[in-house]
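In what follows, a structure is listed as structure tokens, so that the remarks can point back to it.
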Amino acid sequence: MASHPTQAQQQILTLLALVPCGKVVSYGQLADLAGLPGRARLVGSTLRTQNTEQLPWHRVVAADGRLGLPKGSPGWLEQRQRLLAEGVLFKGDPLTGDKVPMAKYQWQPDLAAMLMLFER
DNA sequence: ATGCTGACTACTG
DNA sequence: CCAGTAGCCAGCA
């Protein structure tokens with residue numbers, strides 16, 4: 001079972017819930033927004049170990065647009081399918097392309113709103 | 001405690 | 001484009 005999330009992981013999950021349909025965010029960007037610069041791997045680790053059933057986990061991709069899971073794996077296929085279903089198209093042929101054009105789909109959160117969330 | 005792995009990423013050659 | 005490297009550090013044996 002998933003262990004209790006640390007506060008850092010909780011912030012990551014809270015932010016993830018805000019990523020809108022049709023947009024993606026990179027592991028590193030999510031870490032930055034959560035006030036955890038340089039900790040992209042914590043985002044990956046969190047998605048791997050926590051329960052993401054009610055969260056848009058499929059909107060988290062690598063900084064270069066590829067998906068984090070091993071190409072061709074069940075998880076990779078599902079993430080890709082979910083993204084396509086919400087209009088996120090891949091570079092080149094939708095059937096063979098394996099990268100999301102980040103410039104086009106990356107989430108641009110409202111900075112003021114982010115500060116409201118984590119100000120102390 | 002110690003060591004390794006991994007849904008990371010920027011940098012170098 | 002590919003390979004290696006350096007930071008990163010939670011989770012697990």
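Using C-alpha pairs under 8 Å with a sequence gap of at least 6, the mean separation divided by the residue count of chain A gives a relative contact order of 26 percent. By how many degrees, 0 to 90 and rounded to 10, does the Cα axis of helix A:7-16 deviate from the longest principal axis of chain A? Rounded to the nearest ten degrees, it is 50.
Ellipsoid fit via the Cα gyration tensor, the range A:1-83: semi-axes of 19, 14, 12 Å, each the root of five times an eigenvalue, largest first. Run the accessible area of chain A with a 1.4 Å probe and give the carbon-and-sulfur part as a rounded percent. Answer for chain A: carbon and sulfur cover 57 percent of the accessible area.
Each other residue within a Cβ distance under 13 Å of A:A63 adds +1 if Lys or Arg and -1 if Asp or Glu, for a net charge of +1. Of all lysines in the structure, the ones whose alpha carbon falls short of 20 Å from that of A:K71, not counting any fewer than 8 places away in one chain, are A:K91, A:K99. Per residue, chain A exposes an accessible area of 59 Å² to a 1.4 Å probe, with every protein chain left in place. Solvent-accessible surface of protein heavy atoms, probed at 1.4 angstrom with all chains present, puts A:R41, A:R82 in the order A:R41, A:R82, largest first. Considering only C-alpha atoms, what is the centroid distance from the range A:18-36 to the range A:42-77, in Å? When both Cα centres are located, 12 Å separates them.
Electrostatic tally near A:P20: other residues with Cβ closer than 10 Å to its Cβ, Lys and Arg +1, Asp and Glu -1, net +1. For a paramagnetic label modelled on A:K91 (point 7 Å from Cα along Cα→Cβ), amide N atoms under 19 Å away belong, within the range A:1-41, to A:23-29.
For chain A, the mean residue ellipticity at 222 nm estimated from helices alone is -11500 deg cm²/dmol, where every DSSP H run of n ≥ 4 contributes -39500 (n - 2.57) and the total is divided by all residues, rounded to the nearest 500. Principal-axis analysis of the Cα atoms of chain A puts helix A:40-49 at an angle of about 80° to the longest axis.
The values are calculated or read from the model by the stated rules, or taken from the named source; none is laboratory data. Keep in mind it's a predicted model, so treat the numbers as computed, not measured. Methodologically, a virtual Cβ is constructed for each residue, glycine included, from the backbone with ideal geometry; neighbour enumeration extends over all protein chains shown. The accessibility values were calculated without ligands, DNA or RNA, using every heavy atom of the protein model including side chains. Shrake-Rupley method; radii C 1.70, N 1.55, O 1.52, S 1.80 Å.
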